[in-house]
Ligand code: GDP
Ligand code: MG
Ligand code: K
């Protein structure tokens, strides 16, 4: 492998509940997965897993809450949706033979407008009778600006390799976003920073999440408790004020919610300490920042 040929990118998996996203992830990533926890499926978590090979790194993510009915979507959640769509190098839209576009028209519109290549994956074709697959394909290609359509059966492992190939074909040449060596050693830090980040996304208005990065400064696992110290980086001191909030209320709320999510995720008591730091212009060096979760 050389710097010049290594591919890396973000793949956003989108689809209604029960279409088979988790089953697909397992079939797709299988033993090649560096980090994933079954517990991750139960949290409203953004990163699903990373797939590393000598020549590539695929970062799979989903968008928590994206497909909830509109009235349940907070404004902050919608900005999260936008961010994760814009961030993606490839979108994998998963559906099955039975789902419809009901309640997700807005997300479909955003997806179609994003300019990001979309792989339309139709799952559960093992259940197809008569011309059901044909009808389903027709239905979805009318609605989604897909680059290509891939009928699969996640449970029967049918056509899974093709998805991987289609992703790799569209992945940009780029160095790995996450240190491949470190990842296997310290995935907990990675998950911890992503969980805290998600709470920042759901608690503040658009500008703040865009200007924030989280680094795990300390992660100490003891017998009955995990002690985590997180640094929250912002660009300006005014943003620091917003993050902390009046009498520290806002940050306290984020801290409580994050701690609860961390405890669910790690299945252990968590002591979480947060510090807000102003770091000018970190956005100019975004790639480096994506690694914040691992840096000391
Ligand atoms: P998610 O909510 O999108 O993550 O969906 P899951 O992966 O949890 O799957 C939902 C249900 O669909 C489970 O009962 C799966 O076993 C089932 N399922 C997933 N993929 C297939 C498939 O290819 N064929 C059939 N027949 N069932 C599937
Ligand atoms: Mg799932
Ligand atoms: K790590």
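The values are calculated or read from the model by the stated rules, or taken from the named source; none is laboratory data. Values in this document were obtained by computation on a predicted structure and should not be read as measured data. Note that each Cβ is placed from the backbone with ideal geometry, even for glycine, and that neighbours are counted across all protein chains shown.
What do you reckon, is residue 27 closer than 24 Å to residue 145 by Cβ, assigned by TED's automatic domain parsing to the domain that holds residue 162 and modelled with pLDDT of 65 or more? Against the criterion (closer than 24 Å to residue 145 by Cβ, assigned by TED's automatic domain parsing to the domain that holds residue 162 and modelled with pLDDT of 65 or more), residue 27 does not qualify. Scanning the range 94-132 for residues that are modelled with pLDDT of 95 or more, assigned to a helix (DSSP H, G or I) and under 21 Å from residue 22 (Cα atoms) gives 125, 126, 127.
Reported count of residues in the range 147-169, each being in contact with a helix residue (DSSP H, G or I) (Cβ under 7 Å, 6 or more places away or on another chain) and either assigned to a loop (DSSP other than H, G, I, E, B) or on the phi > 0 side of the Ramachandran plot (or both), is 5. From 137, 141, grab the single residue that is buried (at least 17 other Cβ atoms within 10 Å of the Cβ), free of Cβ contacts under 8 Å to residues at least 24 places away in the same chain and not assigned by TED's automatic domain parsing to the domain that holds residue 228. Unique residue meeting the criteria: 137. Taken together, 73, 48, 85 contain a single residue that is at pLDDT below 80, crowded, with 20+ Cβ neighbours inside 10 Å and more than 16 Å from ligand 1 (Cβ to nearest atom), which is 85.
Selection of first residues in the range 8-31 that are in contact (Cβ under 8 Å) with a residue 24 or more places away in the chain and within 27 Å of residue 105 (Cα to Cα) and of second residues that are part of a loop (DSSP other than H, G, I, E, B) and within 16 Å of ligand 3 (Cβ to nearest atom), restricted to Cβ pairs under 6 Å at least 6 apart or on distinct chains, gives an empty result. Working carefully through the options 190, 219, find the one that is surrounded by 15 or more Cβ atoms within 10 Å (Cβ to Cβ), under 19 Å from residue 232 (Cα atoms) and modelled with pLDDT under 85. Selected residue: 190, the only one of 190, 219 that is surrounded by 15 or more Cβ atoms within 10 Å (Cβ to Cβ), under 19 Å from residue 232 (Cα atoms) and modelled with pLDDT under 85.
Against the numbered list (1) closer than 20 Å to residue 230 by Cβ; (2) in contact with a strand residue (DSSP E or B) (Cβ under 8 Å, 6 or more places away or on another chain); (3) more than 16 Å from ligand 3 (Cβ to nearest atom), residue 170 comes up short only at (1).
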